[in-house]
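The structure appears right after this line, and notes come after that.
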Amino acid sequence: MAALDGWREEKQSAYLYHVLAAAEENTARSKMFAELARAAEAQADIWAENVRREGGAAPEEFHPPPRARLVAALIRLFGPRRLRPMLAAIKVRGLSVYNPPAPQGHAMPTSVEDFGHRHRGTESGGNLRAAVFGVNDGLVSNTSLIMSVAGAGVEPKTILLAGIAGLLAGALSMAAGEYVSMRSQREMYEYQIGLEREELEQYPEQEAEELALIYHARGVDMDEARSLARNLLKNPEHALDTLAREELGLNPQELGSPWGAALSSLLAFSAGAVVPLLPFLWTQKSSTAAMSASAILAGASLFAVGAVLSLYTGRKAVYSGVRMVLIGAGAGVISYLIGAALGVGLG
């Protein structure tokens, strides 16, 4: 990062910290953001000195760019908590203070391993939940598509063709969307972590002070927070990991793979979407029999999906399963009636 770019980044951060401090009013977070604003101003001065050292003209005045002004307006309108992803993308630190509080009696971590421990074990559960929702999306959307086409009174071969087209279109669309989303998120995380790496090399003491301010805002005595921050940043291997977690609210080990997310989305959607198609693969003679079998298979699968989701909602498995069947049945019936109406109108 060029020295002048570093100066602009820090001045923009200072501007937004002042906006955040005002939005938080007289809270511990307000004081933390005010201190972070002063720290950012000091770091901007270091970058300005680097500009002079490189023979450039030191900047004298900073004008917030339109993007920063827009984010500032959104902070005032909606509050900081709702804008965390946006704030992380434009180098605002201290966002971990908005994380849910640790259980009572949970000690402040004293090593980077302690930070990671709080996050481990959640990723696999989140992936399973995402997979279940992907299966549900494929199941409901393709069942509705098949019912609407069947309602129009077309041949089983046409229904099968429409179902296959719906499976391919839906799965590829989901995969593409997931890839773009994950790729964009990962690029943002990598950029922010790269900035942290440069800043840690430029002014490690100031970075330690920023980390201490975050701990202090979370209830740690300032002297203890400074000691803790310095100890955590002594090991260069762990320092960047700690800053990413505490300043950015990121877990570097859980950035995710865009290709992996796309493939998982494609497979999960396809697994659900193929279920209502199976009876039409077995028989090409009676669309009524195939449609009835398709509805039964879809209903049983929806019940299973609802039962699995009950593990996350705390509801009883039977209740969640029946609710999911009723939702899917409603979508299927409406689709069938619309298809039947269109079949009559266009036939």
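Quick notes
- Probe 1.4 Å, protein heavy atoms only - accessible area per residue of region 13-60 in square angstrom: 50
- Each residue, Lys31 and Leu161, gets one label point 7 Å from its Cα in the Cβ direction; the gap between the two is 7.2 nm.
- The accessible surface of region 155-211, taken with every protein chain in place and a 1.4 Å probe, is 58 percent carbon and sulfur.
- The simple spin-label model puts a point 7 Å past each Cα toward its Cβ; for Ile327 and Tyr312 those points are separated by 1.1 nm.
- The modelled label-to-label distance for the pair Thr283/Glu187, using points 7 Å beyond Cα in the direction of Cβ, is 5.1 nm.
- For Lys91, a cut-off of 18 angstrom between C-alpha atoms picks up these lysines, skipping any fewer than 8 places away in its own chain: Lys11.
- Extension gain for Arg84 to Lys234 (0.36 nm times residue separation, less C-alpha to C-alpha distance): 51.2 nm.
- Å² of accessible area per residue within region 174-224, as computed with a 1.4 Å probe and no ligands counted: 51
- Centroid-to-centroid, using Cα positions, region 33-65 and region 155-217 are 30 Å apart.
- FRET efficiency for the Leu172 to Ile46 pair, using the beta carbon distance and R₀ = 41 Å, is estimated at 0.25.
The values are calculated or read from the model by the stated rules, or taken from the named source; none is laboratory data. This is a predicted model, so every value here is computed, not measured. Backbone-built Cβ (ideal geometry, glycine too); neighbour counts: all protein chains shown. Quick note on the areas: whole protein, heavy atoms, side chains included, nothing else; ligands and nucleic acids left out. Shrake-Rupley method; radii C 1.70, N 1.55, O 1.52, S 1.80 Å.
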